[in-house]
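Reviewing the structure listed below.
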Amino acid sequence: MTEAPTRVAIVGAGPAGFFAAEALLKAGGAAAIDIINRLPPPYGLVRDGVAPDHQAIKSVARVYSKLLARDEVRYFGNVTLGTDVTVDDLRARYDQIVYAVGAQSARRLGIPGEDLRGSHAAFEFVAWYNGHPDYRDARFDLDAEHVVVIGNGNVAIDVARILVLSLDRLAATDIADHALAALRHRRVKRVTLLGRRGPAQASFTNPELREFGRLDEVGAQVDARELDLDPQSEASLEGNAVRTRNMNTLRGYAEAAPAGGDRIVHFRFLVSPVEILGGEDGRVTGVRVEKNRLVPQEDGYMRAVGTGDTEVVPCGMVVRSVGYRGKPIPGVPFDERRGIVPNEGGRVTGAGGGTVPGEYVVGWAKRGPSGVIGTNKSDAAATVDLMREDREAGIVAGRLREGGDPAPAAPRRVADLAGLLRQRGVRRVDEAAWRRLDEHETARGKAEGRPRVKLCSVEEMLEAAGVGT
C-alpha cells in the first residue's frame, strides 16, 4: 500500500517558507505541501525587501519557482490566515502547520519626536519603493536636502543608497513606478547614517558598504576620529573577515580626498538618537544624538553607554532602521516582548509553555530578524528535522495527546482547502495564475528595458492573474 503523504501547510511564501518546502521534499517520505500567502505574488522579501538595484540577490526566486512547479506543491496566494481561513481550519486539514510569516512591522526607538511628520520606519520606505500594495500610497519628504538614517545594518545602507542612486540606475531596475516618479523630484543632497556602536560592530556586509565608493556622483564620508578602536574592538577583528574588510573600507573612505559628487553619504558611529526634533508645523528639523562609549560585557558583547555629550544633526527627514518585529496572527501564539512566535527550536509553544502538536515556525518569526536570505535555509532544515521526528511519533496538528501518548494520524474528513476557499468566495491565486501575473510584469519590463514593471495594487494583480471577481 502506498504511504499517504504528510499534509503540510506552510503559511508564508518568503525565503523561510520556500526553504522549509525544499527541506521537506528532500527529507524523504511523501509530502503534500500547500503554501499559503497573504499577497497574490510569492517570494516575500525577495520581491518586497531586496533593493531593486540588487537583481543578483533576487535570482534565488528561480529556485522557489521550480519548487512551485512541483506536483507535491500547491500555491494559495491572496489568502490571509485569520481572515480567509483560521488556524482551526488548517488543523482540520493538515498533519503539520509551518508558520513562515516573517516580521511584518518595525521596531520603535521609544524616543520623543518619533512620530513627527517626516519620521518614517525603514520598513515602510523599503516596502514603498519595492511596490508592496500596503504602502504604495505612502508619502516621504524627498524635498529634504539632508536625511538621517538611524541604523547600521544592510537595510539602512539600502535606504541610503536608494536616496542617492542616480536616476538612470534606478530607472533600469524593477523599482515601483510611483517611487521612481517621486525620486525624480528628490532634493536629497546628504544622507547621514547613525550607528550607536562602533565601526567594528556595524552589521552591514562589505559589498554593500564598498558600493558607495563606486556610485556615480556620490561621495562617501567618514570622520577618521570615529574609526579609532578600543582594545576589545581591535581584538574582535582578528579572524573576522567581514569586520576587517569593513574597517579597511571605512578607513579608505576616511583617508581619501574630501568626498565629492552631488550627493554625500556620511557614516557616523558611537552616537545614539535621544530625540527627534520638530518645528512649529510638526515636521522634522533634526535629531539630537548622544555620543557613546563602548563597555565590554561578560559575554563579549560591546554595549553602547551614553556619555552625556550631545549634539544636534539638522535634517528634514528621518528613516528609522532599527529592526523589524513580528505581529500577532489570530489563533497563533505570540511572544509580545520578542515579537516572534514562541518556540523551542522550531516547535511552537503555547501559553502554558508546552509545545503545540504539529505546529512549527521558521525564519524571522522563529528567531527574530537576523541573518541574510541564506540563513533561512539551515534554519528551515533544523525545523524540518523536528517535524520528521514528530511525524514518526504520530504527533499531528489538531490531535492532542491523551495519557502522554500521541494520537495516531487518521484521514481528515473535511473539504480540501481549495474547496473551502471557493465556498467562502476567496479569490485564490494558484500557481498558474501567478505565472500569468509574472509574465505580465516581465513583459512590461522587457518593453522598457527593465527586469519587470510591478503591479502595485491587489486588484491590478488579480486582474493580470486572470482571477475573476
Top-ranked residue in segment 295-331 [being basic (K, R) and touching a Lys or Arg at 6+ places or on another chain (Cβ under 9 Å); ranked as modelled with the highest pLDDT]: R320
Residues within segment 155-182 that are crowded, with 20+ Cβ neighbours inside 10 Å and either part of a helix (DSSP H, G or I) or within 17 Å of the chain's Cα centre (by Cα) (or both), tallied: 12
Any chance D137 is under 25 Å from L183 (Cβ atoms), surrounded by fewer than 22 Cβ atoms within 10 Å (Cβ to Cβ) and among the charged types (D, E, K, R): yes
Residues that are surrounded by fewer than 20 Cβ atoms within 10 Å (Cβ to Cβ) and polar (S, T, N, Q), drawn from segment 273-308: T285, Q297, T307
Filter result (of a type outside the set (D, E), farther than 20 Å from R303 by Cα and outside any strand (DSSP E or B)) within segment 205-241: T205, N206, P207, L209, R210, F212, G213, R214, L215, A224, G239, A241
Counted residues, segment 283-309 - those being within 15 Å of I150 (Cβ to Cβ) and polar (S, T, N, Q): 1
Positions within segment 25-52 being out of contact with any Ser or Thr (no Cβ under 8 Å at 6 or more places or on another chain) and outside any loop (DSSP other than H, G, I, E, B), in sequence order: L25, K26, I33, D34, I35, I36, L45, V46, R47, D48
Qualifying positions in segment 437-469 - exposed (fewer than 14 other Cβ atoms within 10 Å of the Cβ) and either free of Cβ contacts under 8 Å to residues at least 40 places away in the same chain or acidic (D, E) (or both): E439, A443, K446, A447, E448, E459, G466
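The values are calculated or read from the model by the stated rules, or taken from the named source; none is laboratory data. None of the values given here were measured: they were computed from a predicted structure. In this analysis, Cβ positions are derived from the backbone assuming ideal geometry, glycine residues included, and neighbour counts consider all displayed protein chains.
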